[in-house]
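The values are calculated or read from the model by the stated rules, or taken from the named source; none is laboratory data. All figures in this text were calculated on a predicted structure; none of them were measured in a lab. Positions of Cβ are generated from backbone atoms using ideal geometry, with glycine treated the same way; all protein chains shown enter the neighbour counts.
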């Protein structure tokens with residue numbers, strides 16, 4: 001399998017940011033790490049191995065990026081206002097730096113599907129919902145979509161506009177809604193230990209109320225919030241996507 005690592009100084013984040021690319025052809029799968037992890041996490045935990053047949057067949061080209069969660073929502077020493085600002089800078093990095101890199105690496109016509117597990121699912125879903133002009137779909141696994149669980153009671157516009165459970169119900173822009181109604185949206189969760197399937201149900205209800213087609217898939221009570229679950233989910237859902 002073709003594997004290449006790139007790094008550049010991010011003007012959005014004022015730090016070096018790495019990205020690893022797997023594969024040679026296919027639609028782009030933009031992978032957001034879980035929690036405090038880095039761009040090689042999905043490789044270390046064999047998630048890349050689980051989708052290797054899709055990579056080697058040329059169905060997908062996977063791009064795994066770094067997180068800054070320890071500089072934002074998982075940093076207990078930061079005020080929530082500063083966490084929210086840092087999160088917004090991360091959004092800028094995704095849209096203004098990572099997406100152009102993906103397009104230049106592949107082609108301007110390359111379709112991009114975001115994905116991630118746990119906190120990575122939140123980032124993947126939020127990224128699509130905020131910018132449906134840039135992304136074609138999302139595979140969100142075992143996520144929660146209410147940012148208030150991380151804000152310690154603080155709330156401002158940067159929090160609101162990054163909390164899908166909050167801003168999607170109030171979304172009335174028909175241009176944005178019409179874009180979202182054309183996307184491939186997969187919201188998945190196990191129902192075993194440490195999973196929160198109610199978060200997926202809640203998000204599904206919001207999407208349904210807006211006429212946004214999606215696939216909400218709850219797996220069994222034996223599927224826990226852990227890597228064996230995601231190693232089964234991701235190749236299964238990629239197999240179902242045709243772009």
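For segment 1-14, a tally of residues being surrounded by 13 or more Cβ atoms within 10 Å (Cβ to Cβ) and either out of contact with any strand residue (DSSP E or B) (no Cβ under 6 Å at 6 or more places or on another chain) or outside any strand (DSSP E or B) (or both) returns 2.
Within segment 225-234, being over 11 Å from residue 45 (Cβ atoms) and either within 14 Å of the chain's Cα centre (by Cα) or surrounded by fewer than 16 Cβ atoms within 10 Å (Cβ to Cβ) (or both) holds for 232, 234.
Which of the residues spanning segment 94-113 are under 18 Å from residue 18 (Cα atoms) and out of contact with any helix residue (DSSP H, G or I) (no Cβ under 7 Å at 6 or more places or on another chain)? Please lay out each step first, then the result.
If we filter segment 94-113 for residues that are under 18 Å from residue 18 (Cα atoms), which is where we start, we get 94-106.
If the condition is that a residue be under 18 Å from residue 18 (Cα atoms) and out of contact with any helix residue (DSSP H, G or I) (no Cβ under 7 Å at 6 or more places or on another chain), then 95, 96, 97, 98, 99, 100, 101, 102, 103, 104, 105, 106 are the ones that fit.
Can you name every residue in segment 189-239 that is over 18 Å from residue 118 (Cα atoms) and either assigned to a loop (DSSP other than H, G, I, E, B) or modelled with pLDDT under 95 (or both)? 210, 211, 212, 213, 214 - these are the residues of segment 189-239 that are over 18 Å from residue 118 (Cα atoms) and either assigned to a loop (DSSP other than H, G, I, E, B) or modelled with pLDDT under 95 (or both).
Per-residue answers, yes or no, for (1) in a loop (DSSP other than H, G, I, E, B); (2) touching a residue at least 24 places away in the same chain (Cβ under 8 Å); (3) in contact with a helix residue (DSSP H, G or I) (Cβ under 6 Å, 6 or more places away or on another chain); (4) closer than 25 Å to residue 239 by Cα:
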position	(1), (2), (3), (4)
77	yes, no, no, no
92	no, yes, no, no
115	no, yes, yes, yes
124	no, yes, no, yes
